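This report concerns only the one structure given below.
Nothing in this text is a laboratory measurement; each read-out follows from the coordinates by a stated rule. This is a predicted model, so every value here is computed, not measured. Counting neighbours? That spans all protein chains shown, and the Cβs are built from the backbone with ideal geometry, glycine included.
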Amino acid sequence: MTRNEAISQMLTAMADDALIQGHRNSEWTGLGPIMEEDIAFSSMAQDKIGHAWALYRILHENLGGTEPDRFAFLRGEKDYRCCHLVEMPNGEYDFSLVRHFLFDHAEAVRWEHLQQSTFEPLALTARKLKGEIKYHTLHANAWITQLCRAGEESYARMQSALNVCFPLALGIFEPSPEAETLLVNEKIYAGEATLKEQWLDRTYNILSVAGLNLPSEGSVTPAYGGRKGYHTEYLQPLLDEMGYVFRLDPEAVW
Amino acid sequence: MDNQSLDPRVKRLKLNTGGEPVTVHEGENWNVFEVFHQEKRGAHHEHVGCVHAPNAQLALVFAKEQFARRKKCVNLWVVRSADILSFDTEDEDMFANNLDKTYRDASGFKVMEKINKFKKSTHDKE
């Protein structure tokens with residue numbers, strides 16, 4: 001594996017996570033619990049798709065990859081590298097909020113490290129996205145703290161959503177030893193294990209204030225497979241819907 | 001919500017904490033918060049609208065996407081609408097004669113004229 005292949009592998013995983021998470025969150029548009037939250041959540045979903053686009057552009061412009069729209073919409077399911085967490089259907093708002101909390105803190109930790117990346121296009125993007133990601137975690141923290149203390153039902157729902165999301169969220173940090181060793185040696189990023197430790201610390205700090213119990217890592221099976229192209233049954237229907245208009249005429253100019 | 005601010009009149013939201021939650025009881029409504037937008041540092045905060053939220057912290061979180069996702073913005077204020085005191089609309093007549101008193105209007109003074117006249121007179125004496 002070459003340096004550029006390893007970078008491409010990492011960027012594809014990050015971009016696919018952002019694209020699929022953005023699409024899932026955008027499914028709440030018009031259905032959010034109140035208008036203000038609907039607007040905020042939709043706006044952040046749009047940010048996520050923007051993050052995916054920024055990464056697909058780096059793949060295209062710096063690493064010889066396919067043009068971003070075609071890469072985002074025309075790949076087969078097995079060629080996506082997103083984790084299972086982002087593929088899961090929305091269900092109730094508690095699930096979406098806890099997923100948003102766990103996912104966005106993972107993104108925040110990753111992008112913070114990437115500000116020092118020796119791969120310059122990524123370091124530049126990391127600095128550009130900093131403020132947006134800060135708002136996403138602020139939004140998530142505010143809701144988690146609020147809903148965990150809003151009565152028994154609310155607390156129970158948040159805890160059960162956390163129990164469901166946690167093993168899925170560990171899948172964000174699925175190791176890819178060969179590429180990771182190369183990227184860590186080249187100081188392109190810090191490696192999944194390091195990011196995961198920091199993510200656990202950070203989420204724990206908020207969750208403990210909220211009175212929620214983060215399940216212990218040893219007690220659950222992480223949802224791995226996404227980084228190798230093995231997905232849940234929910235990804236294909238999402239891809240069918242997301243790419244429907246694009247596939248009608250991939251040559252159309254917008 | 002912390003108040004360790006350089007400007008003690010303004011409470012500033014700390015991003016690393018979730019803030020204190022509020023309990024909304026059965027039959028109780030969320031609050032309306034007025035939102036003030038600041039375009040650049042040092043500029044006045046201008047009223048831009050309102051948001052509906054359970055507490056000030058979430059009001060600020062909502063206001064950011066509601067009122068600060070397009071125009072240039074460096075900061076926002078939120079104030080609970082119920083904390084604003086206003087005159088009764090019936091008492092509008094208190095202001096009725098303002099338009100007649102143009103001598104109170106700062107832009108009405110022709111000060112520069114007088115200053116120039118004074119400068120000219122002192123200059124002439126020298």
message: Taking the condition of being within 12 Å of chain B (Cβ to nearest Cβ) and in a helix (DSSP H, G or I), how many residues in region A:202-216 meet it?
response: 8
query: Here are A:Asp38, A:Asp47: which of them is in contact with an Asp or Glu (Cβ under 6 Å, 6 or more places away or on another chain) and either within 14 Å of chain B (Cβ to nearest Cβ) or not in a loop (DSSP other than H, G, I, E, B) (or both)?
result: A:Asp47
query: Pick from A:Glu61, A:Glu36: which is over 17 Å from the mean Cα position of the chain (by Cα), over 30 Å from A:Glu152 (Cβ atoms) and either acidic (Asp, Glu) or surrounded by fewer than 22 Cβ atoms within 10 Å (Cβ to Cβ) (or both)?
result: A:Glu61
query: Name the pairs whose Cβ atoms lie under 9 Å apart, with the first residue in region A:147-163 and within 14 Å of chain B (Cβ to nearest Cβ), the second surrounded by fewer than 14 Cβ atoms within 10 Å (Cβ to Cβ) and not aliphatic (A, V, I, L, M), and 6 or more positions between them or separate chains?
result: A:Cys148/A:Gly211; A:Arg149/A:Gly211; A:Arg149/B:Glu20; A:Arg149/B:Thr23; A:Ala150/B:Thr23; A:Gly151/B:Thr23; A:Tyr155/A:Gly211
message: Quick check on my filter: what residues within region A:14-35 are within 16 Å of A:Glu241 (Cα to Cα), of a type outside the set (S, T, N, Q) and within 14 Å of another protein chain (Cβ to nearest Cβ)?
response: A:Trp28
